[in-house]
Amino acid sequence: MEQQEKQALAREALSARKRAYAPYSQYRVGAALLGTNGTIYLGCNIENSSYGATNCAERTAFFKAVSEGCLTFKGIAIAGGPKEEEDKLSDYAYPCGICRQVMAEFCKEDFEILVVKAADEFETYSLGQMLPSSFTGDKLG
Ligand code: THU
């Protein structure tokens, strides 16, 4: 992704974070997923009183995209932090293992993962860096 495209995605992740439903952890996460069709799919974490039923922001974004027919992606921006923080986060939030595995279902190793502190402050990783030697469906059937 170009720098401008990355900044736009970072801004969208910060905006998606405002819709987080996180009454238990008070930790709000937003994600913005860019499809190869040019559409940005937003996601937030959605917690549940039965904690295991919680869905992460990244998976919310992926499941929205796939359910709307988009199966190929360029990158995702992720912004997470305690609810008191707004558009300038004190730390980067890295995707959990389950979300990395969901990314690996649909994306190749060059898929870009941005972790965001602010619209102009983020780090870029590839999926290959974040989930090396991943298990993929081509081993099955
Ligand atoms: N969370 C995410 O949304 N994404 C991650 O990659 C890690 C964790 C959420 C789940 C839960 O609502 C809160 O952060 C604390 O774990």
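Only the coordinates and a few stated rules stand behind these numbers; no lab work does. Bear in mind the structure is a predicted one, so any value in this text is a computation, not a measurement. Note that we place each Cβ from the backbone using ideal geometry, even for glycine, and neighbour counts take in every protein chain shown.
Fewest neighbouring Cβ atoms within 10 Å first, the residues Val29, Val102, Val116 line up as Val102, Val29, Val116. For the chain, the antiparallel share of DSSP beta bridges with both residues in that region comes to about 80%.
Exposed loop sites here mean GluC sites (Glu not before Pro) with a DSSP loop assignment and at most 14 other beta-carbon atoms within 10 Å; the chain contains its longest site-free run at 3-67.
For the pair Ile98 and Glu2, label points projected 7 Å from Cα toward Cβ lie 3.7 nm apart. Qualifying trypsin sites (Lys or Arg not before Pro) in the stretch 1-84, where qualification requires a DSSP coil assignment and no more than 16 other C-beta atoms within 10 Å, comprise Lys18, Arg19, Lys83.
Restricted to Cα atoms, the chain shows a radius of gyration and a Dmax of 14.3, 48 angstrom. Here the gap between Lys108 and Ser134, fully extended at 0.36 nm per residue and compared with their Cα-Cα distance, gives a gain of 8.3 nm.
Listed cross-link partners Lys6/Lys139; Lys18/Lys139; Lys74/Lys139 are compared with a 28 Å cut-off, the Cα-Cα value being larger for Lys6/Lys139; Lys18/Lys139.
Estimated at 0.36 nm per residue, the fully extended path between Asp120 and Tyr27 surpasses their Cα-Cα distance by 31.3 nm.
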